[in-house]
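See structure below.
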Amino acid sequence: MTNENKQNEKNRAGARGAFLIVGLLIALGITSAGWFVREGLMTFRMEDRVVSMKGLAERDVEADLAIWSLSHSGTSNDLAALQRSIEDHQNIILAYLKNAGFKDDEISIQPLQAQDLLAQAYRPDGVEKGRYIITQMITVRTPYMDKMDTALSGLGQLISKGVSLTNSMQPSYMFTRLNDIKPDMLAEAVRNARESAEQFASVSGQNIGRIKSARQGVFQILPRDPVNFASEENQHYKRVRVVSTIDFFFK
């Protein structure tokens, strides 16, 4: 073999060695990269291991504000006589309400509303029997539910005295202290969610850790005792309900 051939063979051997080293380095780099990727995914998955649970809290409450509007009216061809009659009926209603325990500051009296049917473009039949209509609204607003119950139970007394109640609505019962019970209810909802999460985790041999996130949910005021054709607003006793969604980390 000539010196030139020996030199060429030596160069080829060196090149093969260099390629081998480069290949090893590339393989090592790929392996290392794969290890980091794998470790990164495992860390992400471990930190993202959560369980989402809903926690329910309920409170039975009693309305603390009642509003009741009574409407009374009369008809006549004699406007002056009709006005006197309506005013007499107003006094009967006021006496009745005060006898039920309402104070002056709990009662508001709306102005009389008079209507002349002959002044209308489209007159109903029989208008000559009652040309004028006078209507009045009296509103009661009270935080005392016992007074309202007393007044409602004796409405027949007004009718027996000739008072014509028209379009008188049922009282509206409201619970105004929602903000007072919100903190305790939210804490209860979280506790209930954690208990559910711990029961779930115990089946799989896991432990529940800290809260990852929480969604409060909407507070609902519902009738305590559902009754057909009766809304929550018309019921004295109510149920406050909230459902919170809590995400817990596994330990």
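The values are calculated or read from the model by the stated rules, or taken from the named source; none is laboratory data. Model, not experiment: these values are computed from the prediction. With ideal geometry, Cβ positions are generated from the backbone for all residues, glycine too; neighbour counts draw on all protein chains shown.
Some values worked out for this structure:
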| read-out | value |
| --- | --- |
| Long-range neighbours under 8 Å by Cβ, at least six apart or interchain, first residue more than 14 Å from residue 57 (Cβ to Cβ) within segment 210-227, second of a type in the set (Asp, Glu) | 211/247; 212/247; 213/247; 223/232; 224/60 |
| From the options 83, 136, 90, 120, residue that is exposed (fewer than 15 other Cβ atoms within 10 Å of the Cβ) and not hydroxyl-bearing (Ser, Thr, Tyr) | 120 |
| Residue list for segment 126-182, filter: under 28 Å from the mean Cα position of the chain (by Cα) and among the β-branched types (Val, Ile, Thr) | 139, 140, 142, 176, 181 |
| Subset of segment 126-143 that is touching an Asp or Glu at 6+ places or on another chain (Cβ under 8 Å) and of a type outside the set (A, V, I, L, M, F, W, C) - its residue that is modelled with the lowest pLDDT | 131 |
| Residue within segment 144-154 that is touching a helix residue (DSSP H, G or I) at 6+ places or on another chain (Cβ under 7 Å) and either at pLDDT below 95 or under 30 Å from residue 220 (Cα atoms) (or both) present | yes |
| Lone qualifier among 173, 237 - being among the aromatic types (Phe, Trp, Tyr), touching a Pro at 6+ places or on another chain (Cβ under 9 Å) and either modelled with pLDDT of 95 or more or surrounded by 14 or more Cβ atoms within 10 Å (Cβ to Cβ) (or both) | 237 |
| Flag if residue 105 is over 30 Å from residue 243 (Cα atoms) and either of a type in the set (D, E, K, R) or without any contact (Cβ under 8 Å) to a residue 12 or more places away in the chain (or both) | yes |
| Some residue of segment 61-71 being among the polar types (S, T, N, Q), touching a strand residue (DSSP E or B) at 6+ places or on another chain (Cβ under 6 Å), not in a strand (DSSP E or B) and not assigned by TED's automatic domain parsing to the domain that holds residue 192 | no |
